[in-house]
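Peer 1: Just dropping this structure here.
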Amino acid sequence: MSLFDTFKRGLQKTATALSRSVTGIFTEVRTWDDETFKKLEDELISADFGVSATKKIMADIRDRYQRGLLNGSDDILAVARDDMVAMLKPGMRKLAQAPDGSLTVILMVGVNGSGKTTTAGKLAFLLTKQGKKVTLAACDTFRAAAVEQLRLWGERTNSQVIASRHGADAAAVAYDAVSAATARSSDYLIIDTAGRQHNQKALMDELAKMLRIIRKLKPDAPHETLLTIDASIGANAIAQAREFAALSGASALVLTKLDGTGKGGAAAAIQEEFRLPILFVGLGEAPEDLQEFSPEHYAEAIFSGGQPE
Ligand SMILES: Nc1nc2c(ncn2[C@@H]2O[C@H](COP(=O)(O)OP(=O)(O)OP(=O)(O)O)[C@@H](O)[C@H]2O)c(=O)[nH]1
Ligand SMILES: [Mg+2]
């Protein structure tokens, strides 16, 4: 399956919903008035484009319509697609690397259930497929099943997993992991962390301690602090993630579960909200469903017309 096909399949629900409504609106009426535009605007909002992205796209569509440049729903989808790419592209960059080609340390952070552990595993899959050597660190010592979950990804990707017992000091595991990954000349160390603790303060203290200890061995680490955001969640959970981003010093985003609902339009809104680049997207549950984010593939997949039923 090509990279674009992965995006297309993952975003099928969103594409189908959008295409159906845009085609529906456009075939219902001959001339577009404020009410028609409002309907289209509502459709974009309900696909989670967010107010700001929706306004930009709508302004562009109105303008082109008035200039007589739009001849059908395909034209509207094309305008929206190009606007989406233009919004997302300036924020793009690649995964950071340790400057001297030494071990690159990636710290996974995010609210509970947002996809940290799964993304750590899938990222190990992506990187090992590129011939990189990966070590995984199981620093979620709070949740009993977390270590086992990461071990499975270790087996799947032939990556070493550094872990300790349930309830162990997460910072101590991180320290051991940096030592082990350096000793075996890994290219990447991916550190999974807890999304849950006794309370939020305990969680943030644990993260801060982990950073202090890691930097004793590697002063410039972590090179990337990836915040996972469940794209299928509502505004409340976004607020929670925003707080998390500030406290953890997140450097970039991973949008997970874009495949889950018909609300896959959230990328622009989330990028604008956090002012951080989206490096990867989760388009499904299989290992190969984590992909480097491509604004072009993303926008093309959302506005491609979806699947006829
Ligand atoms: N469909 C879909 N499911 C995903 C994706 N990413 C993660 N999931 C699922 O979301 C659930 C939670 O993922 P985890 O990786 O365990 O989340 P976490 O942030 O580590 O959770 P805690 O450790 O409890 O804080 C799992 O069932 C994953 O399979 C994705 O991109 N698409
Ligand atoms: Mg986890």
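The values are calculated or read from the model by the stated rules, or taken from the named source; none is laboratory data. These numbers come from a predicted model, not from an experiment. In this analysis, Cβ positions are derived from the backbone assuming ideal geometry, glycine residues included, and neighbour counts consider all displayed protein chains.
Peer 1: Residue check: is LEU203 surrounded by 15 or more Cβ atoms within 10 Å (Cβ to Cβ), in a helix (DSSP H, G or I), modelled with pLDDT of 85 or more and at negative phi?
Peer 2: yes
Peer 1: Here's a follow-up. Restricting attention to the stretch 83-122, report how many residues are within 16 Å of ligand 1 (Cβ to nearest atom) and aliphatic (A, V, I, L, M). Steps first, answer last, please.
Peer 2: Step one: filter the stretch 83-122 for residues within 16 Å of ligand 1 (Cβ to nearest atom), giving 106-122.
Next, from what is left, pick out any that are aliphatic (A, V, I, L, M): 106-109, 111, 120.
So the answer is 6.
Peer 1: If the requirement is being within 30 Å of LYS201 (Cβ to Cβ), in contact (Cβ under 8 Å) with a residue 24 or more places away in the chain and not basic (Lys, Arg), which of these qualifies: ALA246, ALA231?
Peer 2: Unique residue meeting the criteria: ALA231.
Peer 1: Scan LEU150, LEU217, LEU226, LEU136 and give me the residue that is more than 16 Å from ligand 1 (Cβ to nearest atom), hydrophobic (A, V, I, L, M, F, W, C) and at pLDDT 95 or above.
Peer 2: None of the other options fit; the residue is LEU217.
Peer 1: Related question: When you go through (1) outside any strand (DSSP E or B); (2) of a type outside the set (Val, Ile, Thr); (3) buried (at least 19 other Cβ atoms within 10 Å of the Cβ) one by one for LEU253, which number turns out not to apply?
Peer 2: (1)
Peer 1: Look at the stretch 131-176 and say how many of its residues are outside any loop (DSSP other than H, G, I, E, B) and free of Cβ contacts under 8 Å to residues at least 12 places away in the same chain.
Peer 2: Summing the residues that are outside any loop (DSSP other than H, G, I, E, B) and free of Cβ contacts under 8 Å to residues at least 12 places away in the same chain in the stretch 131-176 gives 2.
Peer 1: Something else about it: Do you know which residues across the stretch 26-48 are within 14 Å of ASP74 (Cβ to Cβ) and in contact with a Ser or Thr (Cβ under 6 Å, 6 or more places away or on another chain)?
Peer 2: PHE26, the sole residue that qualifies.
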